[in-house]
Amino acid sequence: MKQNTDNLNPSQDYYQKSNLDIDSWFKITWIDYEYIVNNHRFLQIIDSFGSDTIKLLDIGCGTGVFPDLLDKKIDSELKLSSDLLDVSDYCLNQCSSVLNKLKHFQANQGFLSYTETIETAIPKSNYYDLIWAIHSFYTVDINKIQDILKHIKTLIKPSGIFLMCQASSDSCYHQLYNFYLKKYEQPNNYRRFITAEDIQ
């Protein structure tokens, strides 16, 4: 596992085994993941590569819940050969373990890195068929998003696809977190979450 965690980011605190209440978190996020994997257009994209094996980079892989749901929806012999990037070594280990039990996924390299340092963690160009970031840009430094997206573009093959799922500013994610920031003192000066509008 390659490591690059030079910058501070609240996600590093959220996604440690001692802090992460997986059951509570996925009561909130499960509906989003189910919506995506049941979305006909999303499944069409997965099937559109015309290859038995897709080289995937999962940015902010978490504990592997999304691939676990998606695995049940794939009805071909497709295999997603998956590199994983996450700020949490706990998540990288959990996700790798989950993927290697699935029919359509295989875990390859794990990169212990902030999204902001992806260029150092994964410098290779034109490598991935598919890169996705599913709810994983919320705590990224807003001043570095443009550079991050430019580098992600260099990691995709000319025929490749980048998919991102990011909640808009009027979503419950942002409304709840903004309420929390306004009402409670934060010793670490936490910033608001990054919205879909910020990415756009």
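The values are calculated or read from the model by the stated rules, or taken from the named source; none is laboratory data. Note that the coordinates shown come from a computational prediction; the quantities given were computed from them, not determined experimentally. Using ideal geometry, Cβ is built from the backbone for each residue, glycine included, and neighbour counts are taken over all protein chains shown.
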Filter the stretch 144-173 for residues that are at pLDDT below 90 and in a helix (DSSP H, G or I); the one that is nearest to I118 (Cα to Cα) is Y173
Result of the Cβ filter at 8 Å on the stretch 43-67, keeping first residues that are closer than 13 Å to Q94 by Cβ and at pLDDT 90 or above and partners that are part of a strand (DSSP E or B) and aromatic (F, W, Y), at least 6 apart or interchain, is D58/W132; P67/F105
